[in-house]
Amino acid sequence: MKILSSTYQDTSIWRFFSSVRLAVFLLITLAITSIIGTVIPQGETLQFYLETFGPNFFRIIKALHLYDTYHSWWYLTLLGLFSINLIICTLRRLPFTLKLCRRDSLSLDSERLLKMPFKKDWETKKQLDNDSTQSIISAFKKVGGKFRERDGVDGGRLFLAERGKWSYWGVYALHGSILIIFIGALVGLFLGFKGSVMLPEGETIDYIVNRQTGKRISLGFSVRCNRFNIAFYDNGAPKEYRSDLTVLNDDKEVFHKSIVVNDPMKYKGITFYQASYRAIPEVTVQVSNSDNMQRSLTISAFQKTIWPEEQLSFSLIQYQPNVHGRPAAQIWIADNEGRAGNFWLLEGREREFKQSGNLYKMSLSTAKQRYLTGLQVKKDPGVWIVWLGCTVLIAGFSVVFWVPHRRLWLWIGRRKGRTFVILSGQTNKNKLQLEKDIKKIEEALNSNLGVGQ
């Protein structure tokens with residue numbers, strides 16, 4: 001530690017990174033930027049920020065990555081600087097802590113004990129016999145606890161009851177816990193992911209989509225939405241929505257759970273949260289060709305349905321639930337050569353159309369709403385490291401604020417034909433309790449031994 005002191009503590013770099021001012025500045029800056037990251041919605045698309053905040057502020061958001069504040073380069077730089085400052089401050093304090101822990105508290109003389117902030121002394125002409133001495137020591141032990149002793153200290157016997165010497169390491173637990181939390185956050189940042197998916201009932205998906213980049217993130221397994229149920233209040237607002245999910249590995253069902261808001265599904269470190277839902281129209285049509293070959297096709301919004309034998313593609317453009325008392329749908333049709341067209345179908349009425357020189361007939365059979373469940377998906381392998389850091393943080397705070405380093409001394413000796421008894425104490429916190437303990441010992445000595453009377 002002396003090498004550390006002499007070699008590094010005098011350098012300007014060491015002084016800069018061990019500065020308390022730097023620590024305060026970084027803490028304030030991190031607090032302000034965290035507020036910004038809370039006020040500005042995170043993880044939305046760039047188009048959202050452009051429409052919400054306007055082009056001028058959008059340029060600032062994009063340049064400073066305020067749409068993903070906690071993953072931005074400048075925020076990570078601030079965390080890195082704060083970590084370096086914390087480590088160097090810890091190293092700078094370490095020699096002093098070691099000195100405190102290694103000091104010999106039994107090397108004090110009686111004059112030094114009388115200068116303690118908490119003290120009481122007795123003087124008597126009679127010499128204490130062995131039983132009286134043991135009674136004094138027992139009264140001291142009853143309140144002070146386990147003690148050490150040393151003979152020949154300033155011509156007498158010195159007893160020391162010490163507690164909480166290890167409490168000086170509480171501040172290192174605080175410093176270490178912050179670093180552990182930072183490490184957990186970085187593990188989650190670089191090894192985890194966040195994304196979302198809109199999963200229709202009855203369908204399976206093995207990936208999610210990053211909302212910002214639009215990139216697909218493979219799950220390593222498949223998730224199927226078996227059912228989606230929603231309940232409404234009387235005013236039409238959604239009351240509860242529930243997704244019945246099944247996890248599949250190699251087409252084998254391995255896990256099942258029904259999830260609602262605040263009750264997610266967890267599998268292989270990946271958590272699926274019930275976040276939203278969407279209702280889309282779905283229609284069933286009957287299509288036949290000139291050879292009377294007939295097919296029943298189900299067409300959903302935002303999806304394409306194919307009739308492979310005829311090499312035709314169908315999509316649902318619009319849906320009206322009530323046109324002259326009947327549902328109606330606008331159907332888009334295309335062939336394999338890219339020729340396309342669209343027309344409206346009314347339930348119960350057949351309509352003819354030509355495609356690629358062939359004549360077809362189509363009718364609308366049924367129409368209904370189909371639900372898609374909106375899932376937020378998150379993997380954070382660093383969460384347990386963060387929890388560990390939080391546990392250490394709480395333990396460190398408990399030690400720093402509530403565990404005192406308390407020392408009680410008892411000195412018994414003779415001078416100039418008189419017997420002296422000195423009781424003194426010292427603590428770095430909870431001084432009121434130390435004063436009460438000394439008072440208890442004082443009362444025991446006065447009442448049981450008559451010392452000082």
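Quick notes on this structure:
- Some residue of the range 373-381 being surrounded by 13 or more Cβ atoms within 10 Å (Cβ to Cβ), farther than 30 Å from Phe190 by Cα and of a type in the set (A, V, I, L, M, F, W, C): no
- Residue among Gly413, Gly417 that is in the same structural domain as Ser138 (by TED's automatic domain parsing) and on the phi < 0 side of the Ramachandran plot: Gly413
- Some residue of the range 157-170 being in contact with a strand residue (DSSP E or B) (Cβ under 6 Å, 6 or more places away or on another chain) and more than 30 Å from Val400 (Cα to Cα): yes
- All strands (runs of 3 or more DSSP E) inside the range 196-283 with 1 or more residues being farther than 21 Å from Lys304 by Cα and of a type in the set (Ser, Thr, Tyr): 216-232, 238-249, 252-259, 265-267
- Of all residues in the range 262-300, those that are without any contact (Cβ under 8 Å) to a residue 40 or more places away in the chain, in the same structural domain as Ile331 (by TED's automatic domain parsing) and either surrounded by 15 or more Cβ atoms within 10 Å (Cβ to Cβ) or not hydrophobic (A, V, I, L, M, F, W, C) (or both) total 7.
- On the stretch given as the range 37-54, residues that are surrounded by 13 or more Cβ atoms within 10 Å (Cβ to Cβ), assigned to a helix (DSSP H, G or I) and aliphatic (A, V, I, L, M) total 1.
- Filtered residue count, the range 229-244, keeping only those that are touching a residue at least 60 places away in the same chain (Cβ under 8 Å) and among the aliphatic types (A, V, I, L, M): 1
- In this structure, Asn226 does not qualify as more than 26 Å from the chain's Cα centre (by Cα), farther than 15 Å from Ala275 by Cα and without any contact (Cβ under 8 Å) to a residue 12 or more places away in the chain.
- Among the conditions (1) in contact with a strand residue (DSSP E or B) (Cβ under 8 Å, 6 or more places away or on another chain); (2) more than 16 Å from Thr373 (Cβ to Cβ); (3) surrounded by 13 or more Cβ atoms within 10 Å (Cβ to Cβ), the only one that Val187 does not satisfy is (1).
- All conditions but one from (1) surrounded by 15 or more Cβ atoms within 10 Å (Cβ to Cβ); (2) within 18 Å of Asp68 (Cα to Cα); (3) touching a Phe, Trp or Tyr at 6+ places or on another chain (Cβ under 9 Å) apply to Phe57; the one that does not is (1).
- Within the range 199-210, the set of residues being surrounded by fewer than 16 Cβ atoms within 10 Å (Cβ to Cβ) and either touching a Lys or Arg at 6+ places or on another chain (Cβ under 9 Å) or at positive phi (or both) comprises Gly202, Glu203, Thr204, Tyr207, Asn210.
- Of the criteria (1) closer than 30 Å to Leu345 by Cβ; (2) modelled with pLDDT of 90 or more, which one Leu393 fails: (1)
- Test: Gln274 is in contact with a Lys or Arg (Cβ under 9 Å, 6 or more places away or on another chain), farther than 30 Å from Ser356 by Cα and among the polar types (S, T, N, Q): yes
- The requirement of being among the basic types (Lys, Arg), touching a strand residue (DSSP E or B) at 6+ places or on another chain (Cβ under 8 Å), part of a loop (DSSP other than H, G, I, E, B) and on the phi < 0 side of the Ramachandran plot is fulfilled somewhere in the range 345-365, by at least one residue.
- Any chance Phe232 is more than 34 Å from the chain's Cα centre (by Cα), modelled with pLDDT under 90 and either over 13 Å from Leu199 (Cα atoms) or not assigned by TED's automatic domain parsing to the domain that holds Pro200 (or both): no
- Residue under evaluation Ser258, criteria (1) in the same structural domain as Phe232 (by TED's automatic domain parsing); (2) within 18 Å of Phe343 (Cβ to Cβ), criterion not met: (2)
- With respect to the conditions (1) within 51 Å of the chain's Cα centre (by Cα); (2) crowded, with 16+ Cβ neighbours inside 10 Å; (3) within 23 Å of Lys440 (Cα to Cα), Gly176 falls short on a single one, namely (3).
Every residue, every condition in (1) touching a Gly at 6+ places or on another chain (Cβ under 9 Å); (2) modelled with pLDDT of 85 or more; (3) basic (Lys, Arg); (4) within 21 Å of Gly214 (Cβ to Cβ), yes or no:
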| site | (1), (2), (3), (4) |
| --- | --- |
| Gln9 | no, no, no, no |
| Ser12 | no, no, no, no |
| Leu22 | no, yes, no, no |
| Ser34 | no, yes, no, no |
| Val39 | no, yes, no, no |
| Glu44 | no, no, no, yes |
| Tyr67 | yes, yes, no, yes |
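The values are calculated or read from the model by the stated rules, or taken from the named source; none is laboratory data. This structure is a prediction, so every number in the text was calculated from the model and none was measured. Heads up, the Cβs are rebuilt from the backbone with ideal geometry, glycines too, and the neighbour counts pull from every protein chain shown.
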